[in-house]
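The values are calculated or read from the model by the stated rules, or taken from the named source; none is laboratory data. Small disclaimer: the values here were computed from a predicted structure and weren't measured. Glycine also receives a Cβ, built like all others from the backbone with ideal geometry; neighbour counts cover every protein chain displayed. Only protein heavy atoms, including side chains, enter the accessible area calculation; ligands, DNA and RNA are left aside. Shrake-Rupley method; radii C 1.70, N 1.55, O 1.52, S 1.80 Å.
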Amino acid sequence: MKRLIAAILAVLPLLSCAACGSQEGAAPNGEGGAGLFGMDTYLNLTAYGEDAEAALEQAQNRVRELESLWSATDEHSEIYAANHSGGAAVAVSGDTANLVRYALDMARRTDGSLEPTLYPVLTAWGFTTDSFQIPEREELDHLLEKVDYTRVSLQDATLTVPDGMQLDLGAVGKGYAADEAAAVLRENGVTSALLDFGGNILTVGTKPDGSFWRVGVRDPDSEGNLGVLEIADQSVVVSGGYEKFFVGGDGERYWHILDPATGAPARSGLVQTAVVSDESKRCDALSTALFVMGLDKAVQYWREHRDFEMILLTEDRTIYVTEGLADAFSPGAGREVQVVRQET
């Protein structure tokens, strides 16, 4: 069976909680393979089948198309136009409307733990520019006055971002794009593929031999894995405070996952969240939101919704795994897990 590996170009220049998972035992790039660097990470697709080459080309074109619509920094993108419209309504494409609608819906479903209007606050910390600094409390309070997803209006395909606010779709954009790329592959007959969007993993079907994909979940304390997930036709996205951070002059570590209530790095008691679902965009959104929520609220959210599974790592290094992953997750040597179950 012909194997083709194609790199997805530097796409969706949005700040996002990129997963730090890896596909354990994946075939290395070989003849016909390529890898490009973008968004501080590598983006790759692997597909199997006689028609994989044409399908991969179409998938890459689809991702480039979405990139051109959603960048918060590209002056030609629809999101940039809405952010700099002075509060005027802006007509957007169906893709942009769908993504904004999804981001706003997930913000509502998570009670604002996912907040798609935090971009100015992220900039104040330097996470969008890599010019890191600790903002004064007064500056953060002022910026937070312009953070409120409920003030963003989407009517059909007309988007209105209030003057002074900025919408950033980084917490859902990579996941949405991965879902779209997978849809293109499936439409072209691909039944086995591995999509790696900078560590956000999405699998199409099983491996060509019918076995599950083995995806490593990073151990934030070492170069190894916290454990390994066996999945098929699912996505896994991992978020943690170790992904993008700086150490201030006070010796404190400041990471890019911010608490919308304070404008400061989320200190929820969690070190890492991993979300597994049949939609990568859901994984993308929830990996951030659950990190902000903390253990108790994250568990309650899972019990109320049950449209995803999760792995949570707390500051004391206890691993919590929801019951749907109990048999799919193999922890690293010497580690034990606490299984989270539905209340009886």
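Just so you know, in segment 313-338 the residues that are of a type in the set (A, V, I, L, M) and more than 23 Å from residue 233 (Cβ to Cβ) include one that is surrounded by the fewest Cβ atoms within 10 Å (Cβ to Cβ), and it is 333.
Looking at 104, 140, 56, just one residue is in contact with a Gly (Cβ under 9 Å, 6 or more places away or on another chain) and in a helix (DSSP H, G or I), and that residue is 140. Condition first: in a strand (DSSP E or B) and open to solvent by less than 40 Å² (accessible area, probe 1.4 Å). Can you find one or more residues in segment 278-287 that meet it? No: zero hits. Being part of a helix (DSSP H, G or I) and either within 16 Å of residue 237 (Cα to Cα) or of a type in the set (Val, Ile, Thr) (or both) is a property that residue 299 has. How many residues, within segment 59-101, are assigned to a helix (DSSP H, G or I) and open to solvent by less than 10 Å² (accessible area, probe 1.4 Å)? Residues flagged as assigned to a helix (DSSP H, G or I) and open to solvent by less than 10 Å² (accessible area, probe 1.4 Å) within segment 59-101 amount to 10.
Every residue, every condition in (1) at pLDDT below 95; (2) of a type in the set (A, V, I, L, M, F, W, C); (3) closer than 18 Å to residue 104 by Cβ, yes or no:
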position: 118; (1), (2), (3): no, yes, yes
position: 144; (1), (2), (3): no, yes, no
position: 166; (1), (2), (3): no, no, yes
position: 204; (1), (2), (3): no, yes, no
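On inspection, residue 156 passes the criterion of being over 22 Å from the mean Cα position of the chain (by Cα) and under 28 Å from residue 63 (Cα atoms). Residues of segment 109-130 that are of a type in the set (D, E, K, R) and in contact (Cβ under 8 Å) with a residue 24 or more places away in the chain: 109, 115.
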